[in-house]
Amino acid sequence: MKGTRAALRYAKAVLNLAKEKNLAETVNADLLLIASTLESNNDLKIALQNPVIKSDVKKNILTQVFDTKINGITQGLINLLIEKKRLNLLLAVAKEYAIIFDFDMDIEVAKVTTATPLTKELESKILDKLKTLTNKAVTIKNTVDPSIIGGFILRVGDKQYDASVNGKLNLLKREFEDNHYISKL
């Protein structure tokens with residue numbers, strides 16, 4: 001992704017400043033809000049990346065959307081990105097900040113892919129089980145993918161557990177193919 005190194009530098013600088021002011025969690029919440037807003041509102045994302053729209057107009061848009069909801073450090077980041085004409089990096093900075101914040105706070109992010117959204121009850125059961133397995137604080141990021149038909153795919157760190165219907169069907173298909181070739185020998 002273009003600008004990832006620059007986004008990481010901005011994210012590290014903001015995290016260091018936020019830690020000095022004991023506001024790292026607040027800034028993390030702000031940047032998660034910004035990231036989810038930009039990802040869910042394509043028109044806003046396009047407007048912020050459009051080089052034809054002037055910086056002061058972009059700043060006004062962001063002020064109207066986030067002004068009362070974000071901390072001064074987060075607002076300072078937005079102002080700096082506008083000043084340096086790097087506002088197109090805002091989403092990338094927000095994502096990088098979340099990654100390094102979680103690493104710094106020793107929080108493990110579990111990615112759960114399901115055919116339908118997780119219920120709060122099931123999410124809480126998964127969190128309890130993951131906490132005992134990892135001995136770390138865990139957060140869940142749920143992705144909905146109807147193509148897995150049912151079940152779930154769980155990824156924690158570099159480990160993946162596929163308990164999806166689609167995964168089991170693929171495994172069964174491979175077993176039949178292997179047995180078919182063996183029987184011809």
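The values are calculated or read from the model by the stated rules, or taken from the named source; none is laboratory data. Remember, it's a predicted structure, so these values are computed and weren't measured experimentally. Here the Cβ is made from the backbone with ideal geometry for all residues, glycine too, and neighbour counts use every protein chain on show.
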Filter segment 81-99 for residues that are in contact with a Phe, Trp or Tyr (Cβ under 8 Å, 6 or more places away or on another chain) and among the aliphatic types (A, V, I, L, M); which is surrounded by the most Cβ atoms within 10 Å (Cβ to Cβ)? Val93
Ile46 is checked against (1) over 20 Å from Ala24 (Cα atoms); (2) among the aliphatic types (A, V, I, L, M); (3) in contact with a helix residue (DSSP H, G or I) (Cβ under 7 Å, 6 or more places away or on another chain) and fails just one. What number does that condition carry? (3)
Provide a single number: the residues in segment 1-30 that are closer than 21 Å to Lys84 by Cβ and among the acidic types (Asp, Glu). 1
Here are some residues: Asp102, Asp158, Asp128, Asp178. Which one is of a type outside the set (Ser, Thr, Tyr) and surrounded by 13 or more Cβ atoms within 10 Å (Cβ to Cβ)? Asp102
Flag for Thr116 being touching a strand residue (DSSP E or B) at 6+ places or on another chain (Cβ under 8 Å), of a type outside the set (Phe, Trp, Tyr) and farther than 22 Å from Arg9 by Cα: yes
Looking only at segment 54-69, decide whether some residue is in a loop (DSSP other than H, G, I, E, B), in contact with a helix residue (DSSP H, G or I) (Cβ under 9 Å, 6 or more places away or on another chain) and not polar (S, T, N, Q). no
Taking Asn16, is it in a helix (DSSP H, G or I), among the polar types (S, T, N, Q), assigned by TED's automatic domain parsing to the domain that holds Thr63 and more than 18 Å from the chain's Cα centre (by Cα)? yes
Inspect all residues belonging to segment 113-124 and state whether any of them is touching a residue at least 40 places away in the same chain (Cβ under 8 Å) and either in the same structural domain as Ser55 (by TED's automatic domain parsing) or crowded, with 19+ Cβ neighbours inside 10 Å (or both). yes
How about segment 45-66: which of its residues are within 20 Å of the chain's Cα centre (by Cα) and more than 18 Å from Asn79 (Cβ to Cβ)? Lys45, Ile46
Please identify the pairs in which a residue from segment 62-90 that is aliphatic (A, V, I, L, M) has its Cβ atom under 7 Å from the Cβ atom of a residue that is outside any helix (DSSP H, G or I) and surrounded by fewer than 16 Cβ atoms within 10 Å (Cβ to Cβ), counting only partners at least 6 apart or on another chain. Ile73/Lys21; Leu89/Gly3
Boolean, Leu87 is within 30 Å of Val165 (Cβ to Cβ) and touching a helix residue (DSSP H, G or I) at 6+ places or on another chain (Cβ under 9 Å): no
Scan segment 115-144 for residues that are touching a Pro at 6+ places or on another chain (Cβ under 8 Å), part of a loop (DSSP other than H, G, I, E, B) and under 19 Å from Ile99 (Cα atoms) and jot them down. none
